[in-house]
1. If you take the residues of region B:199-232 that are part of a helix (DSSP H, G or I) and open to solvent by less than 10 Å² (accessible area, probe 1.4 Å), which of them is farthest from the other protein chains (Cβ to nearest Cβ)?
2. Taking region B:171-198 on its own, how many of its residues are more than 12 Å from B:VAL85 (Cβ to Cβ), of a type in the set (A, V, I, L, M, F, W, C) and either within 14 Å of chain A (Cβ to nearest Cβ) or part of a helix (DSSP H, G or I) (or both)?
3. Does A:LEU158 count as of a type in the set (A, V, I, L, M), touching a residue at least 40 places away in the same chain (Cβ under 8 Å), at the interface with chain B (Cβ under 8 Å from one of its Cβ atoms) and farther than 30 Å from A:ALA36 by Cα?
4. List, please: which pairs have Cβ atoms under 6 Å, are six or more places apart or on different chains, and start with a residue in region A:56-76 that is part of a loop (DSSP other than H, G, I, E, B) and end with one that is among the polar types (S, T, N, Q) and crowded, with 18+ Cβ neighbours inside 10 Å?
5. Take region A:77-100 and flag every residue that is in contact (Cβ under 8 Å) with a residue 40 or more places away in the chain, within 12 Å of chain B (Cβ to nearest Cβ) and within 30 Å of B:ASN135 (Cα to Cα).
6. Quick check: anything in region B:70-90 closer than 22 Å to B:SER127 by Cα, modelled with pLDDT under 90 and open to solvent by 50 Å² or more (accessible area, probe 1.4 Å)?
7. Taking only region A:167-206 into account, find how many residues are over 14 Å from A:THR224 (Cα atoms), at pLDDT 85 or above and not hydrophobic (A, V, I, L, M, F, W, C).
8. Take the residues in region A:115-132 that are open to solvent by less than 30 Å² (accessible area, probe 1.4 Å), in a strand (DSSP E or B) and not polar (S, T, N, Q); name whichever of them is farthest from A:PRO50 (Cα to Cα).
2 protein chains.
Amino acid sequence: MKSGNHSHGQQGLAEDDGRATIDVLPLFHGLDGSVAEQLKQISRVSNFLPGENICEQGQPAADLFFVLTGRVALIHTASNGESVVVEVIQDGGYFGLAPVLANLPYLATAKAVVASRLALVSGVGLSDLIHFAPNLLMRVLRAEALDFVAVVQQVCDLKFRTTSQRLARYLLNLVVSDGNTADFRLPFDKRLLAAKIGCRQENLSRAFASLRAEGVETHGSSVTLHDIQKLKRFAITESVAL
Amino acid sequence: MKSGNHSHGQQGLAEDDGRATIDVLPLFHGLDGSVAEQLKQISRVSNFLPGENICEQGQPAADLFFVLTGRVALIHTASNGESVVVEVIQDGGYFGLAPVLANLPYLATAKAVVASRLALVSGVGLSDLIHFAPNLLMRVLRAEALDFVAVVQQVCDLKFRTTSQRLARYLLNLVVSDGNTADFRLPFDKRLLAAKIGCRQENLSRAFASLRAEGVETHGSSVTLHDIQKLKRFAITESVAL
């Protein structure tokens, strides 16, 4: 963690801004008064500029991060020095829970993709607090387990679905209406989208092309789904039978 | 969880057999006397026949499982009814920690591949006990975090390495000697190995063929690595640059 990021990010923020914010995080909403108060004492809010590092892979995990507004890319650097985006976290998402609880280094470098506002909860403070707050402990355990479940689902997707099917599932997850058609804009550029789906950029273009037959039309970042039921049938087909 | 499995599996085992066993599990080794004693009270040992189900996907997670001897396949069934092996757990490994701690259903069905002996720790008992045993809580949190890290690494591998590179890494992990050559037998049949690596069986055969150029020779389940250093260089090359 670069302390410079924090001093930079905290410019212009009132001291108690982060404390008020903690209450609205789903993980912490509605806790006992005294636990909520102690959580506020170990929390703060920071702002980050586009391209700014929030934490760095391999550094001791000092904080748990919540994205209040903005977009954060988690970038993993392999042993040969090449870097890849492994996840993109948006409003309401968080990262760093597992390394904070286990006192491990950060798994990835977090970089603000756009101007982003984050709540930071001290890892040491949180680890102390859960020993005296059974409700908080159960929430944290459940959150960590759900993170684990989500990553296991991602492994299943990567092992057993094609790039086109993973893209189809991703697009279906962006649909908010109940009808059989939808229009929306992609929340990421295609480089980040390829990283999220787990493919090369040129394979992402091929996947979009192959989804035309399933009623997916794209113009730049605008997407139209003409037949959501058809796309769903395509997305759930298992591509690998073992 | 089928209770029938347990009553079957417990035939012929002394009542305190599982309790003595708990001490040797790395997760629980060397705990305070009273905590160790309480752990023993909520643990038991069961034996499972080849092909027998140990727990079932979607059922409430009643137990945390440790494989003492044998081999257990974790099988995930997709929404369209097709099943895939997502992991194979061997001696010393465990599964079910995340769903037990979060009170979630099992993520997969566990099936004994060969005759297997498991220690079962009651999930309700463990969740109660961690509230009063800070050392045990820290171990459990750390174990869950390490599980998370391992799955994240698997996601990175699946996203950014070819089947041949993943197979090379898997083979290198089986090497126990320090030299530049090694001989060993594959611990799984090729169907399970393909599932573990995350590819179709025919792609596994192609991957083995492509590794011949890296000094990998196979005859059935016998493997000879003729140049470990060369294979390592091949395995760490990133195949996807984003």
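The values are calculated or read from the model by the stated rules, or taken from the named source; none is laboratory data. The model shown is predicted, which means the values in this text are computed figures rather than measured ones. Positions of Cβ are backbone-derived with ideal geometry, glycine not excepted, and every protein chain shown enters the neighbour counts. Please note that ligands, DNA and RNA were not included when accessible areas were found on the heavy atoms of the full protein model with its side chains. Shrake-Rupley method; radii C 1.70, N 1.55, O 1.52, S 1.80 Å.
1. Of everything passing the filter in region B:199-232, B:LEU211 is farthest from the other protein chains (Cβ to nearest Cβ).
2. 2
3. Spelling it out, A:LEU158 is indeed of a type in the set (A, V, I, L, M), touching a residue at least 40 places away in the same chain (Cβ under 8 Å), at the interface with chain B (Cβ under 8 Å from one of its Cβ atoms) and farther than 30 Å from A:ALA36 by Cα.
4. Once the first residue is part of a loop (DSSP other than H, G, I, E, B) and sits in region A:56-76, its partners that are among the polar types (S, T, N, Q) and crowded, with 18+ Cβ neighbours inside 10 Å give A:GLU56/A:THR109; A:GLN57/A:THR109; A:GLY70/A:SER116.
5. Listed by number, the residues that qualify are A:GLY96, A:LEU97, A:ALA98.
6. Start the filter on region B:70-90 by keeping residues that are closer than 22 Å to B:SER127 by Cα, which leaves none.
No - not one qualifying residue is present in region B:70-90.
7. 5
8. Result: A:VAL121.
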